[in-house]
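Engineer: One structure follows; several queries about it will come next.
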Amino acid sequence: MLRISKSCHSHLQTHSKSRLNAKKLNQLAVSSNESARHCRYIQYCVSNIKVPGSKIAITQNGYEYSYASILRSSDILSSKIRSLLPSPSSLSTSSSAAIPPPPPRVALFAQPGPEYVAATWAIWRAGCIVVPLATSHPPPELDYVIRDADVSVVIGSADSESKLKPLSLAHGAAFLLSDPVSATTVHHDGSSAINTEPTPSFDPSVSLPLIQPPVGLVEGRDPDSGALIIYTSGTTGRPKGALHTHGSLAAQVASLAEAWKMNEQDRVLHVLPLHHIHGIVNGLSLPLAYGG
């Protein structure tokens with residue numbers, strides 16, 4: 001289980017032109033580790049698994065969020081993402097049918113919490129690549145990443161719409177509002193009660209198909225397919241987008257789990273930024289991968 005603090009640190013970046021295109025996305029791909037295919041976290045995102053739906057995944061500000069609630073929210077959001085994606089033919093950048101276009105990129109602007117996790121899973125389930133946006137960055141820096149990554153959709157909350165929607169539309173991307181994840185309130189006496197509208201019925205014994213990419217966008221569930229683009233800090237030049245594959249994320253999570261002996265009894269206090277790899281992989285992905 002994760003306990004998330006909102007006092008997450010962030011690092012400002014300076015930006016420049018380094019536009020990602022299909023060729024660069026393919027060149028940036030990090031080779032995967034075969035043993036990482038068995039990592040449970042990547043199974044959450046790439047395969048069908050049985051999850052303990054009632055198990056608490058995240059606690060934040062006196063609320064608890066179950067795996068079922070987060071998965072259900074990601075399912076709803078994933079359908080919305082698919083409806084906004086460009087047609088496969090419009091994504092093709094090569095005249096050769098043997099070279100498929102890279103998966104669409106979806107930018108994510110979300111505060112640390114269950115909505116961030118639900119949106120990340122939703123993007124993967126839609127067959128897309130996640131491009132996290134730093135919530136502390138001013139509009140010019142957000143504009144750079146949205147443009148450079150050539151995103152198709154930008155996901156944000158209602159309080160970020162006035163800032164993000166104009167940037168999205170300026171670069172031909174759709175803007176999509178994320179919905180709150182249903183929570184349970186934790187009282188001082190140890191009792192709990194549903195705080196928001198409950199999610200639709202969820203059977204924790206049923207395997208969920210967590211990747212349902214549109215036909216033609218992503219072929220199968222290749223661990224070498226792109227999953228995440230993290231932008232460098234831009235210390236020695238303009239920030240560059242670094243692509244991580246599903247396989248490379250699985251390899252990182254699996255190696256950390258082995259070193260730290262991670263299991264479902266572990267809890268992690270998370271205060272790291274969620275637009276850098278340490279916060280995303282070490283702090284967030286790892287405990288959720290192993291039922292923590």
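Engineer: For residues that are under 22 Å from the mean Cα position of the chain (by Cα) and modelled with pLDDT of 55 or more, scanning just region 88-104, find the one that is surrounded by the fewest Cβ atoms within 10 Å (Cβ to Cβ). Outline the logic, then answer.
Structural biologist: Initial filter on region 88-104 (under 22 Å from the mean Cα position of the chain (by Cα)): 88, 91, 101-104.
Now drop any that are not modelled with pLDDT of 55 or more, which leaves 88, 101-104.
Values: 88: 15, 101: 19, 102: 25, 103: 23, 104: 27.
Residue satisfying both the conditions and the ranking: 88.
Engineer: May I pose another question? Could you grab me the full set of residues in region 117-126 that are buried (at least 24 other Cβ atoms within 10 Å of the Cβ) and not polar (S, T, N, Q)?
Structural biologist: 117, 118, 119, 122, 123, 124, 125, 126
Engineer: Which residue pairs have Cβ atoms closer than 6 Å, lie 6 or more positions apart in sequence or on different chains, and pair a first residue in region 257-277 that is free of Cβ contacts under 8 Å to residues at least 60 places away in the same chain and closer than 28 Å to residue 232 by Cβ with a second residue that is part of a loop (DSSP other than H, G, I, E, B) and not aromatic (Phe, Trp, Tyr)?
Structural biologist: Pairs that qualify, where the first residue is free of Cβ contacts under 8 Å to residues at least 60 places away in the same chain and closer than 28 Å to residue 232 by Cβ and the partner is part of a loop (DSSP other than H, G, I, E, B) and not aromatic (Phe, Trp, Tyr): there are none.
Engineer: Here's something else I'd like to know. Name the residues in region 145-169 that are part of a helix (DSSP H, G or I), surrounded by 23 or more Cβ atoms within 10 Å (Cβ to Cβ) and among the hydroxyl-bearing types (Ser, Thr, Tyr), would you?
Structural biologist: Selection gives 168 alone.
Engineer: Would you call residue 110 within 27 Å of residue 61 (Cα to Cα), touching a Phe, Trp or Tyr at 6+ places or on another chain (Cβ under 7 Å) and either surrounded by fewer than 23 Cβ atoms within 10 Å (Cβ to Cβ) or of a type in the set (A, V, I, L, M) (or both)?
Structural biologist: Here the answer is yes, as residue 110 does meet what is asked.
Every residue, every condition in (1) surrounded by fewer than 14 Cβ atoms within 10 Å (Cβ to Cβ); (2) modelled with pLDDT of 80 or more; (3) in a strand (DSSP E or B), yes or no:
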position	(1), (2), (3)
199	no, no, no
203	yes, no, no
215	yes, no, no
223	no, no, no
229	no, yes, yes
238	no, yes, no
258	yes, yes, no
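Engineer: Between a residue in region 160-173 that is closer than 17 Å to residue 149 by Cβ and at pLDDT 95 or above and any residue that is of a type in the set (D, E, K, R) and part of a helix (DSSP H, G or I), which pairs come within a Cβ distance under 7 Å, given they are 6 or more apart or on different chains?
Structural biologist: Within 7 Å, the pairs are 167/143; 171/147.
The values are calculated or read from the model by the stated rules, or taken from the named source; none is laboratory data. Given the structure is predicted, the values throughout are model-derived calculations rather than measurements. Please note: Cβ atoms are built from the backbone with ideal geometry, for glycine as well, and neighbour counts cover all protein chains shown.
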